[in-house]
Amino acid sequence: MNKYVLGISCYFHDSSVSLVKNGKIISAVQEERFTGIKGDSSFPSRSIEWCLNSNNLKISDINYIVFYEKPLKKFLRILNSSIEYFPKSRSFFVSQMKRWLSEKIWTKTNIVKKLKFSSEKILFCQHHLSHASSIYYTNNLSHSCIMVNDGIGEDQSFSIWSGEKNKIKLLDEILFPKSLGLFYSTMTSFLGHQINEGENKVMSMSAYGNNSLDNELNKVISISDKNIFHQNMDYFEYQFSLYNNFSNKLTNLLGDPRTPNTEFLNKDLVLSNDKSEKYANIAYSTQKITENIIERQSNHAYEIFPSDNICLSGGVHLNCKANNESFKNSKFKNIYINFCPSDSGGSIGASLWAWNNVIEKNENILNQDVYLGPSFDNDFIEETLKDLKINYTKFNTSKELLSDASNYLLKNKIICWFQGKLEFGKRALGNRSILARPDNKKLSQKINNEIKNRESFQPFASSVLYEKAEEYFDIDSKFKNSYKYMSVVAYDNKKNTNKLSGVLHVDNSCRIQLVEETDNSLYYNLIKNFFDLSNIPLLLNTSLNLKGEPIVDNPIKAISTFLRSNCDLMYIGNFKIYKND
Amino acid sequence: MASFNFKSIFKKINKKNNSLNNQESDFLNNFGLAEFGSALDMLAAAELTTTNKLKKGYLNHAIDEFRHAQLFFNHAKNLINNSNNNSANVSGIAEIGERIRYLNFIGEKPIYSELNELDFINFVMISEAAAEKYFTKLSNNKNFNSETRALFSLIAKEEGHHVLYAKKELEKRRKNGVKGIYKSYLYIKWFRFKTDLLSNTRKIWTKIGDLILALIFFIFIPINKIFFKKNYKFNTYDPRSMI
């Protein structure tokens, strides 16, 4: 008889649901994809409904529901912070209590009421244990060290775990308010970007800076032999404030924070003024210190649990540059970072943890499929196009579709690509993507300025044929299991630089996705067709969404995005639609 | 489509001095978020409707609302860039989501799925008419600069077009002998009144709640601080427990 576990993460950011059947993840989706609200933190009703309906299940078929953290433990931490920082914590206390008393504290009751599910079968995993499980149990490793690094869970901000014979055990931890993740988020806010959204922009800005502010930043946070790192909390306010992350002391140290959306690079893509230079240097030092601390953390992890493998999870490990720099000289031989290191992966981790620890105690299954969301057949798409009175061209075979799309890519067209099942996680991995040829800088600038409305310093990722990657990039075999999820940057190896001008960042790095035919055959063959025509085995790949919106889930949202964008064409299932239609 | 809470946003902004670019920018951003939420409502309607002929109308309406949102966001951004604002209090992405939900009363299900098709068309017509009226009023408000007023005027005009589309659809149904159109109109009037009331009540309760929580903070937290132990630890571990 089949056994099912439903994992839920919500009420913080990036709500999501995952459904495990006999140890295998069969469906997973983030709530934002259905609601259209980026980073949606609400109870994931629509995701649950989709997970059940798409697998012809009723809620009564579910054996366990697992929540990704321990809400009351987190509540007590917040209460303790309010007490410790009294009286400065007044507005923090009031706003947090409003949120908690109206919703979060009733997590169990909410699940019971909303889903009509027995409270006896509701489990609660710990936040960092969910993260650890999301990476360890998806890779089927018998022996691995696990490192979790994020802003804050219940009270942990960093933890080291052992993964042995299917069991995960806590070895070391760092507790709130000390937090590398919250330090990075604070600097993100200082540099004028949204927390939990703009961290990658700080990473991008850092490439324009130098180390002239290292000494100043070292006063804020620095490596320590005794406790991995030392963080001077006088520079922060996140421990007792919801809205101000940094204190006046940080402003006194670094000057005025950056006003959001102000120019950073000028039209020639160089730093526009002295202020931009200062912000670039702040970003540089922030990134560098983060990389150094992660390296120190990983050395410590190796000391207490030597292994060939290390699994990384938590939002900090979305920083693909730090992932590369911090582990370049690591003693670990294999670095595993998967498609869901952030909180949305909490539902996946929680459900796999329950499977491996509560239901089946000795069975770990390889779970590396990232395409876990909704898909739409050609009949449905055609009907939608007809209803919307959109003219289209229909391809009878995939071969025709691929040939047409790769020809247009060759002709410098920017295409929307909507195929198969929706990807889980932050990255578009070839099923909901905007694609272009990678050797045309003007195209990447057009995508930044006219399509995605991103800041001009933000670089693009590229999807590369697995077997050709070494001809273009310095590929480190340590990361072979992580490249396919766009989790690590690689540097241009100078053999074919002219073919990478649209995707290389100013420091010659590129966030790459290595694509194998076994992972995504249609996408692999699109790149392969383009390679046959152009002799370039890669494509510029950015997510199919516009600014402030999540990646699209269904044909209507995809068409809405396409019609509002400056993309030239859209390939949706076996159909092509044009802008002038 | 107008958000239910638009009225209160307007009241606040009317009291502001036009030199306060930052506050004006905040309010414009709120309009932007409200329009964005409305676009999501219309997009959901386009996804869910079984009346194929309406799919395109809903999609076009959603695209208009997305454009309105962008116009508000861009204008707000320009206001900030033209002022000497050095504030970097940037909201987290989840807070923006909460604001979209709050401004638009977005629940767990799209509003379309809570109403039938006829009710939804009436809902669009009534909401858009309210938005047109408010934006027209704002476009004549001398407290705003000419660019902001021109923006309000443009949006008002387009909301007016949406009212006409909805009216036309209702008229078509009336001619086809569909019954209960006026009943549906009255129901939506009541529905909106109810949600407006709920919105205002929510604001009052929020204020009362803030006051009670502040009292708790000043009475109980200092007492607890005396007995406060920093390094609390939970050693027991039960997968069924929330702690």
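A few comments on the model shown:
- Modelled FRET efficiency - R0 56 Å, A:Ser501 with B:Lys137, Cβ distances, 0.05 increments: 0.60
- Label zone at A:Met1 (point 7 Å along Cα-to-Cβ), backbone N below 19 Å, the range A:14-32: A:20-24
- 3J(HN,Hα) couplings calculated from phi for the range B:56-61 with the Karplus curve 6.51 cos²θ - 1.76 cosθ + 1.60 (θ = phi - 60°) are, in sequence order, 5, x, 5, 5, 4, 4 Hz; Gly and Pro show x.
- Legend: mean number of C-beta atoms from other chains within 10 angstrom of residue C-beta atoms, peptide A:31-38, equals 6.
- For the range A:455-539, the relative contact order comes to 39 percent (Cα pairs under 8 Å, sequence separation of at least 6).
- Database remark: amide H of A:Ile414 closer than 5 angstrom to the amide H of A:Asp568, A:Leu569 (H placed geometrically; neighbours at sequence offset of 5 or more, or on other chains; Pro and chain starts carry no H).
- Close amide-amide hydrogen proximity is noted between A:Ser157 and A:Ile174, A:Leu175, A:Phe176, each under 5 Å apart and 5 or more residues distant or on a separate chain (H modeled in the peptide plane; Pro and chain starts excluded).
- Using the Karplus relation 6.51 cos²θ - 1.76 cosθ + 1.60 with θ = phi - 60°, the per-residue 3J(HN,Hα) values for the range A:54-69 come to 5, 10, 6, 10, 10, 4, 5, 7, 7, 7, 9, 10, 10, 8, 7, 8 Hz, with x marking Gly and Pro.
- Per-pair calculated FRET efficiency, R0 = 25 Å: A:Leu269 and A:Lys413 via Cβ, rounded to 0.05: 0.60
- Principal semi-axes in Å for the range A:328-444 [√(5λ), Cα gyration tensor, largest first]: 36, 23, 12
- Spread over its residues, the convex hull of the C-alpha atoms of the range A:155-276 is 151 Å³ per residue.
- Ordering A:Tyr64, A:Tyr491, B:Tyr134 from the fewest to the most neighbouring beta carbons within 10 Å gives A:Tyr491, B:Tyr134, A:Tyr64.
- Each Lys or Arg adds one and each Asp or Glu subtracts one; over the other residues with Cβ under 14 Å from the Cβ of A:Gly39, this totals -4.
- Label-to-label distance for B:Asn145 and A:Glu467 is 6.1 nm, based on points extended 7 Å past Cα in the beta-carbon direction.
- Near the amide H of A:Phe246, within less than 5 Å, lie the amide hydrogens of A:Glu237, all on another chain or at least 5 residues away, with H placed in the peptide plane.
- Backbone N under 19 Å from the B:Asn78 label point (7 Å along Cα→Cβ), restricted to the range A:249-265: A:260-263
- 3J(HN,Hα) along the range A:392-403: 8, 10, 9, 9, 7, 10, 4, 4, 5, 4, 5, 5 Hz, from the Karplus curve 6.51 cos²θ - 1.76 cosθ + 1.60 with θ = phi - 60°, whole Hz, x for Gly and Pro.
- Remark: mean inter-chain Cβ contacts per residue of A:74-87 equal 4, using a 10 Å Cβ-Cβ cutoff to other protein chain atoms.
- Percent of alpha-carbon pairs separated by more than 19 Å within the range A:372-502: 61 percent
- Within the range B:118-148, backbone nitrogen closer than 19 Å to the virtual label 7 Å beyond the Cα of B:Lys179 toward Cβ: B:118-119
- Chain A: relative contact order as a whole-number percent, Cα under 8 Å and 6+ apart: 16 percent
- Charged side chains reduced to their Cβ positions (Lys and Arg at +1, Asp and Glu at -1) give the range A:479-581 a dipole of some 180 debye around its Cα centre.
- Once the convex hull of all Cα atoms in chain A is built, its volume per residue stands at 147 Å³.
- Proxy reagent accessibility, fewest Cβ within 10 Å first, across A:Tyr238, B:Tyr237, B:Tyr187: B:Tyr237, B:Tyr187, A:Tyr238
- B:Lys207, B:Lys157 arranged by Cβ crowding within 10 Å, fewest neighbours leading: B:Lys207, B:Lys157
- Other protein chain Cβ atoms within 10 Å, averaged over every residue that makes up A:14-20: 1
Only the coordinates and a few stated rules stand behind these numbers; no lab work does. The shown structure was predicted, so the numbers you read here are calculated from the model rather than taken from an experiment. Ideal geometry is used to build each Cβ from the backbone, glycine not excepted, and the neighbour counts take in all protein chains shown.
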